[in-house]
Structures are given as structure tokens and as C-alpha cells.
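The values are calculated or read from the model by the stated rules, or taken from the named source; none is laboratory data. For clarity, every value in this text was computed on a predicted model and none was experimentally measured. Note that each Cβ is placed from the backbone with ideal geometry, even for glycine, and that neighbours are counted across all protein chains shown.
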Amino acid sequence: MKKEATGGRGKRLTISELAGEFGIAPSAIRYYEEVGLLSPHRNTRRGQRLYSDRDRARLKLILRGKRFGFSLSEIAEILELYDANPTQARQIMRTLEYGFRHIREMDERIEELLEIRREMLEFARSFLEILEREGQDAESRSFIALAGEVIRELEAREFGSGTVSRRDAGAEAGNADRSVGRVRAASPREKEAGRRRRAPGAGPSLPE
């Protein structure tokens, strides 16, 4: 997690100090300087980059823009607007324009992923129905029961309307993952194969 700058105001920072405050590599700061997003003061005697409060504020905006999916050209335009109008009105308007566009793009990608997810669950359900007709032994019945549990948990999840909190979604994901783990562990053949791979003198263990 990136740590935002909280250093004393008015103090010029070295590149390593600034990178440390924001939790990024110095090479990232040098790159932003190369593309014109940052313009630090240079100590002519030592040739050292020194970054002011203005550079710190710009870097914070750059990193926030990158996190929101803005391109470097979009970020550069927003920073230029701020320099031209410190009241930030035009900067805020342009930021909102870009933000709305990126939200729409994210919505489209989310819809595409949800559609793929629905198709995958349909395939899973149809494959499980085939297995229910064909699998009559104890191993198949155990697998069918656990696989059905996983499918029901996945189908019960809701997306897009805030009905599932991040904590609940994480818990459901953990439950489904544990169910999948039980499905994978249900086969005695796989267990026996694993024991043979780990038997003494059989060489290094293969990945499970």
C-alpha cells in the first residue's frame, strides 16, 4: 500500500526521501521527470535532485491518476490546468470528464466479465449434470456433491449493486475456495499418486 507524504512542509527532499514517503521506486520519479510531469530543483554544486512541496503535490496527483487508470497525457493536461489556474476549477472539471469516461469503460469491462462468468457457470452446471448421469461410484458421488456446493455458492453471489460488501465477498470467496479444495482432495487416486511421488527413493516430489 502506498504511503502518502506527510513530511514537513517547506523542506526540499532528495529523490530517495520522496520515493520513501510515497512507497515507490526512485526510478518511477525519474521517469515522471523525463516525461515532463515533475521538474525538481537541481543542486548545481552536487547535481542532486531536490523536490519541493509543489513536486510532492504533483507526485501525489500523478499516483492518484495512475491508480484511477488515467493516461500520462491525461495527467499532464490536468497538471497543466492547475498551473494555469490555481483556483482548480478547470482542473476539477477536466478531472471529472476523464473520471466519468474511465468509470464507463470500467462498467463495460465489468459487464463483459460478468457475462463470461455467467457462461462459465452454465457450462459448469451442464458438465455436472453429465457427471450426475454417468458417475455412479462413490468417488464420483462425493465429487458431485462438493462440486454442486461450489456452484451454488458462486451462483448466490451478487455484483454491481453494492449488495455484497468487500468483507462478505471475501468470506464467500474463501468458502468457495475451500469447497474447491475439498473437491480436489476427494479423489483417492490423486492421493495415492501423491504418495507414490513422495515415496523414498522416488526422486524429488512433483508439484501437486
Would you confirm, using the coordinates I've provided, whether L63 is in contact (Cβ under 8 Å) with a residue 60 or more places away in the chain and surrounded by 15 or more Cβ atoms within 10 Å (Cβ to Cβ)? yes
Out of R118, R101, R94, sole residue that is closer than 23 Å to V35 by Cα and either in a helix (DSSP H, G or I) or among the basic types (K, R) (or both): R94
Mind telling me which of the residues L37, L113 ends up being in a helix (DSSP H, G or I) and either surrounded by 14 or more Cβ atoms within 10 Å (Cβ to Cβ) or not hydroxyl-bearing (S, T, Y) (or both)? L113
Which of the residues that make up region 40-60 are crowded, with 17+ Cβ neighbours inside 10 Å and out of contact with any Pro (no Cβ under 8 Å at 6 or more places or on another chain)? P40, R56, R58, L59
Only one of L96, L72, L81 is surrounded by 15 or more Cβ atoms within 10 Å (Cβ to Cβ) and modelled with pLDDT of 90 or more, namely L72
Residue satisfying condition, being in a loop (DSSP other than H, G, I, E, B), outside the structural domain of F100 (by TED's automatic domain parsing) and touching a residue at least 24 places away in the same chain (Cβ under 8 Å), within set I24, I29: I24
May I ask you to list the residues in region 15-49 that are out of contact with any helix residue (DSSP H, G or I) (no Cβ under 8 Å at 6 or more places or on another chain) and at pLDDT 90 or above? E17, G20, G23, S27, Y31, E33, E34
Just to check your reading of the model, which residue among E129, E153, E149, E139 is among the acidic types (D, E), modelled with pLDDT under 95 and exposed (fewer than 12 other Cβ atoms within 10 Å of the Cβ)? E129
